[in-house]
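Report on one structure; see the data block that follows.
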Amino acid sequence: MNKTGKYNRKAAEAVAIQALGFLAQDGERLGRFLALSGVGPEDIRSAASQPGFLSGVLDHIVGDESLLVAFAEHAGLAPPQVAAAHSILSGGRQWDSA
């Protein structure tokens, strides 16, 4: 987030990386994400460097309200902040984080 309370791309990527770590902490959550994304466990590192992967991580998170709430709580963020990061990474405009 920048000084005006808005996310920039770098901050949004940091949220997505946190989200990936959150998914990885639970085998069931990670397994579901991998199954839906089509990425194999052995390919996750290389996939993470591909354009759009981090957006896909947040797309997965915001697409499931209970997962969104759990991640937001874990990360110390409000769900709209996670949605704002998703918007940035998926080509949307900068949104207020509050």
If you scan the stretch 48-74, which residues turn out to be buried (at least 18 other Cβ atoms within 10 Å of the Cβ) and either of a type outside the set (Phe, Trp, Tyr) or not in a helix (DSSP H, G or I) (or both)? Leu54, Ser55, Gly56, Val57, Leu58, His60, Ile61, Val62, Leu67, Leu68, Ala72
Quick check on the stretch 50-62. Is at least one of its residues in contact with a helix residue (DSSP H, G or I) (Cβ under 8 Å, 6 or more places away or on another chain), of a type in the set (D, E, K, R) and more than 12 Å from Val15 (Cβ to Cβ)? yes
Restricting to the stretch 1-16, name every residue that is over 14 Å from Leu68 (Cα atoms), surrounded by 13 or more Cβ atoms within 10 Å (Cβ to Cβ) and modelled with pLDDT of 90 or more. Ala11, Ala12, Glu13, Ala14
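The values are calculated or read from the model by the stated rules, or taken from the named source; none is laboratory data. Please read these numbers as outputs of a predicted model, since none were measured by experiment. Here the Cβ is made from the backbone with ideal geometry for all residues, glycine too, and neighbour counts use every protein chain on show.
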